[in-house]
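Here the structure is laid out as structure tokens; the discussion comes afterwards.
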Amino acid sequence: MAIYELVMHSAEETMEFAVRLSEQLQPKDVIALEGDLGAGKTTFTKGLAKGLGITRAVSSPTFMIVKEYKGRLPLYHMDVYRLEDTFEDLGFDEYFEGDGVTVIEWAHLIKPQLPDELLYIHLYHHGDQERKMVLEPIGKRYEQLCKEIIEG
């Protein structure tokens, strides 16, 4: 399984990459975002939303767990940072199997509930303004998606 590493030189570049990725997304796609605080997880999600034609302002759903946005495809934006019991069934599979795209910040906290195939995106601070983005596709759908978006 291939791992793809990119360096983003600005928040705008992170958003542009997410817009390009959003053009390839389909219903039931799941993206698991990991990374340090302030590494760009919400910025990345804003880019996905823009690419999906969502005009409503996107913010982290920290105190709501899930925010839903309507666009070309619905966007289900989850932040599971505050969940303490990862084994409680909170109905996440309804989103994963729904008609939209699911983005999960801090996805490792609900790993037992994640689908078998998904795209992990790890964001790291890399210097003052830059971010390192590591794409880890799990499953053929996501391997192909990464090849298309990275290799053009």
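The values are calculated or read from the model by the stated rules, or taken from the named source; none is laboratory data. Computed from a predicted structure; not experimentally measured. Heads up, the Cβs are rebuilt from the backbone with ideal geometry, glycines too, and the neighbour counts pull from every protein chain shown. Side chains included, ligands, DNA and RNA excluded: accessible areas come from the protein's heavy atoms. Shrake-Rupley method; radii C 1.70, N 1.55, O 1.52, S 1.80 Å.
Rounded to the nearest Å, what's the spacing between the alpha carbon centres of segment 1-53 and segment 109-140? Just the number, please.
If we compute the Cα centre of each part, the gap is 10 Å.
Bins of 5 Å, beginning at zero and ending with the bin holding the largest distance: percent of Cα pairs per bin for segment 1-72, please.
Per 5 Å bin, starting at zero, the Cα-Cα P(r) for segment 1-72 comes out as 3, 15, 24, 29, 18, 9, 2, 0 percent.
Stretch residue 23-residue 66 to full length: gain in nm at 0.36 nm per residue minus the Cα-Cα span? Present the calculation step by step, with values, prior to reporting the outcome.
On the way: separation 43, 0.36 × 43 = 15.48 nm, distance 2.23 nm.
Going from the current span to full extension adds 13.3 nm.
List the lysines whose alpha-carbon lies under 18 Å from that of residue 28, not counting same-chain residues fewer than 8 positions away?
Residue 28 reaches 67, 70, 111, 140.
Residue 105's amide H: which non-local residues (gap 5+, or another chain) put their own amide H closer than 5 Å, with H modeled 1.01 Å from N in plane and none for Pro or chain starts?
Long-range HN contacts for residue 105: 33, 78, 79, 80.
Packing-wise, with mean Cβ within 10 Å as the measure, how do 96-104, 44-52 rank, highest first?
44-52, 96-104
Ignoring any ligand, DNA or RNA, what whole percent of the accessible area of segment 1-58 comes from carbon and sulfur when the probe is 1.4 angstrom?
50 percent
In terms of solvent-accessible area of protein heavy atoms at a 1.4 angstrom probe, what is the ranking of 67, 111, 28, 140, highest value first?
140, 111, 28, 67
Taking the chain as a Gaussian network, where each spring joins two C-alpha atoms under 10 Å apart, which residue of 29, 79, 128 fluctuates the most?
Looking only at 29, 79, 128, the largest GNM fluctuation is found for 128.
Nothing charged except the Cβ atoms of Lys and Arg (+1) and of Asp and Glu (-1): what's the magnitude of the dipole of the chain about its Cα centre? Round to the nearest 20 debye.
Rounded to the nearest 20 debye, it is 500 debye.
Under 17 Å from a point placed 7 Å out from the Cα of residue 129 along the Cα-to-Cβ direction: which residues of segment 3-42 have their backbone N that close?
Only 7-17, 39-40 pass the distance filter.
How much of the calculated P(r) for the chain lies past 21 Å, in percent of all Cα pairs?
Distances greater than 21 Å cover 39 percent of the Cα pairs.
So for the chain: antiparallel DSSP bridges make up what percent, rounded to the nearest 5?
Roughly 55 percent of the beta bridges in the chain run antiparallel, per DSSP.
What is the spin-label model distance, in nm, from residue 37 to residue 117 if the labels are put 7 Å beyond Cα along the C-beta direction?
That separation, rounded to one decimal, is 3.7 nm.
How far, in nm, would the chain grow between residue 140 and residue 108 when pulled straight, counting 0.36 nm per residue and subtracting the alpha carbon separation?
That works out to 9.4 nm of additional length.
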